[in-house]
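Notes follow once the structure below has been shown.
The values are calculated or read from the model by the stated rules, or taken from the named source; none is laboratory data. From a predicted model like this one, the values you see are computed outputs, not experimental measurements. Cβ coordinates were reconstructed from backbone atoms using ideal geometry, including for glycine residues, and neighbour counts include every protein chain displayed. Surface areas here come from the heavy atoms of the whole protein model, side chains and all, with no ligands, DNA or RNA. Shrake-Rupley method; radii C 1.70, N 1.55, O 1.52, S 1.80 Å.
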Amino acid sequence: MPELPEVEVVRRGLADWAAGRTVTRIDVYHPRAVRRHVAGPVDFARRQTGLRLEPPRRRGKYLWLPLARPDSAEPPADALLAHLGMSGQLLLRSAGEPDEKHLRVRYVFDDDGPELRFADQRTFGHLMVAPLAPAVVGSEPVPEPIAHIAADPMEDAFDVDAFHAALRRRRTELKRALLDQSLISGVGNIYADEALWRARMHGGRLTANLTRPETGRLVAAIRGVMALALDQGGTSFDSLYVNVNGESGYFDRSLEAYGRRDEPCRRCGTPIRRVTFMNRSSYFCPVCQPVPRSRRPRGAHQADAW
């Protein structure tokens, strides 16, 4: 599933090529692509036709484009909210280009420029029109369905001290906490493993025992690995994740832990180990990230397979 860097790459492409354009027609080819828009495909198209797409925003793995009336100075009340799921792609294509095999939604604009297409092979992603609501964190309005999720580590609104306090209260394994979007948004399996390797911390470490300097080191590692991934266009293990021009990222070549089972740790030379945790593959260096002796105080989750 695309994580924060991959979604941010798509957001930047939309900012360059879709923002400021007025929608004249929307074709929905598969109702599952707009299943979260409960009023249905016809209403989904009607509520955007004639409106202008404003510069896109992102929080964690979600992105949205506020919808403005071209003839009004009123701030947008609604936004087009997108979640890419496992294989969703937002693509800019010339009208004459062949349709993608798994094309689900098409946007046509009044300037006769490139179409915006939503393709999704596995149909786990979705688009919807949602009202904008005051954010629980941060100052900008966010779509109502995601107003509850935590700030992501690349936002100015992200509060390291508040994150540390939340980790200490949660009393769970560290990797489980990093994947919890109510604590920190945008971090998925790949970047959790990479950040933990950078911070020299084991994913089975208990959050209740973290010190404030350790939390600071972890957040710095998360930000560092995501910034590097952004510079390289994100991580692409197959053709399902691409930017708006259909190009794959290449951060997979720079991964230090994820997917490197039995390969030498680039820091100490010890073979990287793979275990199953939360029904996912987790990778770590057993020397740089030693398994903690005590991981489960009363009330904590059962560690899966550390």
**Asked** Taking the stated definitions as given, is Val10 among the aliphatic types (A, V, I, L, M) and within 20 Å of Ser87 (Cα to Cα)?
**Response** yes
**Request:** State whether the residues of the range 152-160 include one that is surrounded by fewer than 20 Cβ atoms within 10 Å (Cβ to Cβ), more than 30 Å from Tyr29 (Cα to Cα), modelled with pLDDT of 95 or more and in contact with a Ser or Thr (Cβ under 7 Å, 6 or more places away or on another chain).
**Result:** yes
**Prompt:** When residues of the range 134-151 are filtered for being surrounded by fewer than 14 Cβ atoms within 10 Å (Cβ to Cβ) and among the hydrophobic types (A, V, I, L, M, F, W, C), how many remain?
**Reply:** 1
**Asked** Of all residues in the range 204-220, which are assigned to a helix (DSSP H, G or I), open to solvent by less than 10 Å² (accessible area, probe 1.4 Å) and of a type outside the set (S, T, N, Q)?
**Response** Leu218, Val219
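Condition check ((1) assigned to a loop (DSSP other than H, G, I, E, B); (2) at pLDDT below 95; (3) more than 17 Å from the chain's Cα centre (by Cα)) across all residues:
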position: Ser72; (1), (2), (3): yes, yes, yes
position: Met86; (1), (2), (3): yes, yes, no
position: Ala95; (1), (2), (3): yes, yes, yes
position: Val108; (1), (2), (3): no, no, yes
**Message:** Go through (1) part of a loop (DSSP other than H, G, I, E, B); (2) within 18 Å of the chain's Cα centre (by Cα); (3) not charged (D, E, K, R) for Ala79 and report which single condition fails.
**Reply:** (1)
**Prompt:** Can you tell me how many residues in the range 173-195 are among the β-branched types (Val, Ile, Thr) and not in a helix (DSSP H, G or I)?
**Reply:** 2
**Fill in**
Note on the range 48-75: residues surrounded by fewer than 19 Cβ atoms within 10 Å (Cβ to Cβ) and over 18 Å from Val10 (Cβ atoms) are Thr49, Gly50, Arg69, Pro70, Asp71, Ser72, Ala73, Glu74, Pro75
